[in-house]
Each structure stands twice: as C-alpha cells, then as structure tokens.
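Data block below; observations after.
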Amino acid sequence: MTYTGDVTAGGPADVRELPDLTISKLEVGGFGNNAYLLRCRETGDGLLIDAAAEPDRLLELIGDLPISQVVTTHRHRDHWTALAEVVKATGAETVAHPLDAPHLPVPVTRPVEHGDKVTVGVVTLDVIHLRGHTPGSIALLFQNAHLFTGDSLFPGGVGNTERDPARFDRLYGDVVERIFDRLPDETWVYPGHGKDTTLGAERPSLPEWRARGW
C-alpha cells in the first residue's frame, strides 16, 4: 500500500517501507499529535519520535521488538505525556536538546546538539536544531529525504512563535538556512501534528510566510 501520512485519532498507523528503514506514523492524544516509530530493517532496533500520549497504543505499535531510544522534539507537554511510561516499559534511552531537556518528565540520558547524529541499528539520522518554537526544538533528518520536524515546520508555515517577532525571525531563519537552503524539493516532511508535506510543496510560500510574520 502507498504511504500517504494520513492518520486519524484512534485509527491505525500508516507505514512506509524504505530499503533501510520502516516508518510508522500514529495519531495520539486530544491534540492530534503524531508519533513516529522508526525501525532499522537490518537489525530490528527501533526509535520513537515523540511519546506524545496514549502509552498503551504506543507500546502496541512498538510491539515485541526493542526500541533503544525515544527522541522528544521539544518541551511542550503534548509531545511527552506518555514518555515516562514508554521509557519505563522499554528501557529506552531518552534524547532531547539540552535547552528543552529540563522541562521533560524524565531525565534526558542523551542530550543532542545541532549537527549531532542519532543512530538506530545501522541507520543514522542528523539532528537539526530549529530555534523559535521553543529554544531547544529539534528535527531529525534521514538521508536528506525524510525530515521529522516536530512543531517547527508544517504544511503552510513554520511553528507557532506566539506573534513574537524575534522568535519568528529566528525560527524562519533556521528553517530557511538549515532546511530549505540545504535540502531538495523531494524531501518529505513529517510534522508533529496533521498531514505530511514536501519541501517542494512549501518552498514557493516562503516569501508569504516572511511577509506575514507567522
């Protein structure tokens, strides 16, 4: 079946099978959060992005195979409500940026900075620090083709900066410099809420985002 990224509350995960990695997207919680399970096809090791809510459903998605890490994209509560229970059940390492780590409900065992690597099995993901939605928001990039953006980039714009011009300028600048100026149009964007998109679909709107300031 063709992956679309369209998921619904209480519904099944949508699964994308890549040669090296399986990506499963699940909607959880009352705010339409997306959680992503990445699993290395060679080793079976897994990584969960944002243990947002509904730990029972997340643990069902994880199943009997191990996960070695849970990455939290940023400090906002709706992205970590299930973190403590998932970590307790799996023994996974916790990963986040140090600027947001103190706001999480469990200690972060592996703080990551811009340019660091996160490995799941034999698969490597690049850490991209995107400042503005929160000070420590991060995205994860796989093979310059699959980008997990948390709440920093969505279809139609960057993440919420609460109408703060300085925060918007920082987030917009980081998104342009560290994502759009670096990656091709084909790069698929997996956001923290809602539908997926591609950089090519969003790139023509960058001047509009800049002009409106949100």
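The values are calculated or read from the model by the stated rules, or taken from the named source; none is laboratory data. Values in this document were obtained by computation on a predicted structure and should not be read as measured data. Cβ coordinates were reconstructed from backbone atoms using ideal geometry, including for glycine residues, and neighbour counts include every protein chain displayed.
Set side by side, the residues Tyr190, Tyr172 differ, and just one is in contact with a helix residue (DSSP H, G or I) (Cβ under 8 Å, 6 or more places away or on another chain) and either under 18 Å from Leu21 (Cβ atoms) or outside any strand (DSSP E or B) (or both), which is Tyr172. Just give me the residues in the stretch 115-147 being on the phi > 0 side of the Ramachandran plot and surrounded by 22 or more Cβ atoms within 10 Å (Cβ to Cβ), in sequence order. Hit for the stretch 115-147 is Gly132, nothing else. Provide a single number: the residues in the stretch 97-135 that are out of contact with any Phe, Trp or Tyr (no Cβ under 9 Å at 6 or more places or on another chain) and in a strand (DSSP E or B). Result for the stretch 97-135: 9. Here Thr124 fits the description: within 20 Å of Thr187 (Cα to Cα), at pLDDT 95 or above, β-branched (Val, Ile, Thr) and out of contact with any Ser or Thr (no Cβ under 6 Å at 6 or more places or on another chain). Cβ-Cβ under 6 Å, sequence separation 6+ or interchain: first residue in the stretch 117-128 and without any contact (Cβ under 8 Å) to a residue 60 or more places away in the chain, partner in a loop (DSSP other than H, G, I, E, B) and of a type in the set (Val, Ile, Thr). Which pairs? So the pair list comes out as Val127/Val112.
Going by the conditions given, is Arg178 touching a Phe, Trp or Tyr at 6+ places or on another chain (Cβ under 7 Å) and part of a helix (DSSP H, G or I)? It is false that Arg178 is touching a Phe, Trp or Tyr at 6+ places or on another chain (Cβ under 7 Å) and part of a helix (DSSP H, G or I). Looking across the stretch 148-167 at every residue that is buried (at least 22 other Cβ atoms within 10 Å of the Cβ) and hydrophobic (A, V, I, L, M, F, W, C), the one that is farthest from the chain's Cα centre (by Cα) is identified as Val158. Please verify whether the stretch 61-80 includes one or more residues that are part of a loop (DSSP other than H, G, I, E, B), within 20 Å of Pro191 (Cβ to Cβ) and of a type in the set (Lys, Arg). Looking through the stretch 61-80, at least one residue is part of a loop (DSSP other than H, G, I, E, B), within 20 Å of Pro191 (Cβ to Cβ) and of a type in the set (Lys, Arg).
For the stretch 154-169, enumerate the residues that are part of a strand (DSSP E or B) and either polar (S, T, N, Q) or touching a Pro at 6+ places or on another chain (Cβ under 9 Å) (or both). Once the filter is applied, which keeps residues that are part of a strand (DSSP E or B) and either polar (S, T, N, Q) or touching a Pro at 6+ places or on another chain (Cβ under 9 Å) (or both), the stretch 154-169 yields only Phe154. Filtering the stretch 170-201 to residues that are of a type in the set (Asp, Glu) and surrounded by fewer than 18 Cβ atoms within 10 Å (Cβ to Cβ) leaves Glu177, Asp181, Asp185, Glu186. All told, Leu147 falls short of being among the hydrophobic types (A, V, I, L, M, F, W, C) and touching a Phe, Trp or Tyr at 6+ places or on another chain (Cβ under 6 Å). When residues in the stretch 7-28 are screened for being in contact with a helix residue (DSSP H, G or I) (Cβ under 9 Å, 6 or more places away or on another chain) and crowded, with 19+ Cβ neighbours inside 10 Å, 3 of them pass. Counted as qualifying within the stretch 9-59 are the strands (runs of 3 or more DSSP E) with 1 or more residues that are within 13 Å of Val86 (Cα to Cα), namely 33-40, 46-49. Beta carbons closer than 9 Å, at least 6 apart along the sequence or on distinct chains, pair a first residue in the stretch 45-64 that is without any contact (Cβ under 8 Å) to a residue 24 or more places away in the chain with a second that is surrounded by fewer than 19 Cβ atoms within 10 Å (Cβ to Cβ) and not basic (Lys, Arg) for Asp56/Glu85.
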